[in-house]
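Written out below as structure tokens is the structure these notes cover.
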Amino acid sequence: MITVTSNAVNHIKKLLSSRDKKPKGIKLGIETKGCSGLSYNMEFVDQPLEGDELLKINDINIYIDPKATLF
């Protein structure tokens, strides 16, 4: 379960509108980092990948990398 506050929604909308090419949303994922294990990342999505989970929150598309779903 992901909780997105109203402040986060407003900030994401600003980030999305600041790009010249309007992205389809943002993507949340994980990657292996150092000794501590995993690190979260966020990136703009111009074209979602097959298998990405889609959450729609307040007119924002949030894609979740399938590898991150367990975490």
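The values are calculated or read from the model by the stated rules, or taken from the named source; none is laboratory data. Since we're looking at a predicted model, the values are computed, not measured. Positions of Cβ are backbone-derived with ideal geometry, glycine not excepted, and every protein chain shown enters the neighbour counts. With ligands, DNA and RNA removed, areas are computed over all heavy atoms of the protein, side chains included. Shrake-Rupley method; radii C 1.70, N 1.55, O 1.52, S 1.80 Å.
In the set ILE2, ILE26, ILE12, only one residue is surrounded by 14 or more Cβ atoms within 10 Å (Cβ to Cβ) and either part of a helix (DSSP H, G or I) or at pLDDT below 95 (or both); that residue is ILE12. Reported count of residues in segment 41-71, each being among the acidic types (Asp, Glu), touching a helix residue (DSSP H, G or I) at 6+ places or on another chain (Cβ under 9 Å) and more than 17 Å from HIS11 (Cβ to Cβ), is 2. Only residues that are within 16 Å of LEU16 (Cα to Cα) and assigned to a strand (DSSP E or B) were counted across segment 56-71, and they come to 6.
In segment 13-31, the residues that are closer than 19 Å to LYS56 by Cβ reach residues that are of a type in the set (D, E, K, R) and open to solvent by 90 Å² or more (accessible area, probe 1.4 Å) with C-beta atoms within less than 6 angstrom, at least six apart or across chains, in these pairs: LYS27/GLU43.
Restricting attention to segment 33-55, the residues that are under 14 Å from the mean Cα position of the chain (by Cα) and part of a strand (DSSP E or B) add up to 10.
Applying the set (1) open to solvent by 40 Å² or more (accessible area, probe 1.4 Å); (2) modelled with pLDDT under 95 to ASN7 leaves exactly one unmet item: (2). Condition first: at pLDDT below 90 and either surrounded by fewer than 14 Cβ atoms within 10 Å (Cβ to Cβ) or within 23 Å of ASN7 (Cα to Cα) (or both). Now tell me which residues in segment 39-71 satisfy that. The answer is SER39, TYR40, LYS67, THR69, LEU70, PHE71.
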